[in-house]
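Notes follow the structure.
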Amino acid sequence: MSRLYGDPIEVWSREGQPVQFVWRDRLHTVHRILDHWVVAREWWKTSDSDPGERRFWRLEADPGGRVGVYELRFDTAGEGWLLIRAWD
């Protein structure tokens, strides 16, 4: 079962891929990338000439003891990370 969140997170990346992130004051270490996809933002929903992209990663990460599955999103226009979904 998954839960939706949309929480801002701090992410460390290497070569454009997340390797660690902090969510709810816990450091999560990424073990494996399960999926990665890119969605172009709709130009009519943005106010500038570069609408940017939203990059998504579904991954396995460990907050210290139990590996879980998480979905992260990076918005290139705002340069911000969100934790979108977590699976129990």
Study note, to complete from the structure: Net charge (Lys, Arg +1; Asp, Glu -1) of residues whose beta-carbon lies under 13 Å from that of H31, H31 excluded, is +1
Review point. When the Karplus curve 6.51 cos²θ - 1.76 cosθ + 1.60 is applied with θ = phi - 60°, which whole-Hz ³J(HN,Hα) does each residue of region 24-29 get, with x for Gly and Pro?
Key: 6, 6, 10, 7, 10, 9
Review point. What spacing in nm lies between the two simple spin-label points modelled at E79 and V22, each 7 Å away from Cα in the Cβ direction?
Key: 1.9
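If you build the Cα gyration tensor of the chain and take the root of 5 times each eigenvalue, what three semi-axes come out, in whole angstrom, biggest first? Write out the running numbers ahead of the final one.
On the way: eigenvalues 121, 32, 27 Å².
Here the semi-axes work out to 25, 13, 12 Å.
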Point to revise | Sequence-distant residues sharing a close amide H with A77 (under 5 Å, placed H) | key: E53
Review point. P18: net charge of surrounding residues, Cβ under 12 Å, Lys/Arg +1, Asp/Glu -1, itself excluded?
Key: +1
Check your understanding: Roughly what would the spin-label model give for H31 and W87, points 7 Å off Cα along C-beta, in nm?
Key -> 1.3
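Rule-based calculations on the coordinates, nothing more; no lab input. Please read all numbers here as calculations on a predicted model, not as lab measurements. Don't worry about glycine lacking a Cβ; one is built from the backbone with ideal geometry, like all the others, and counts go over all protein chains shown.
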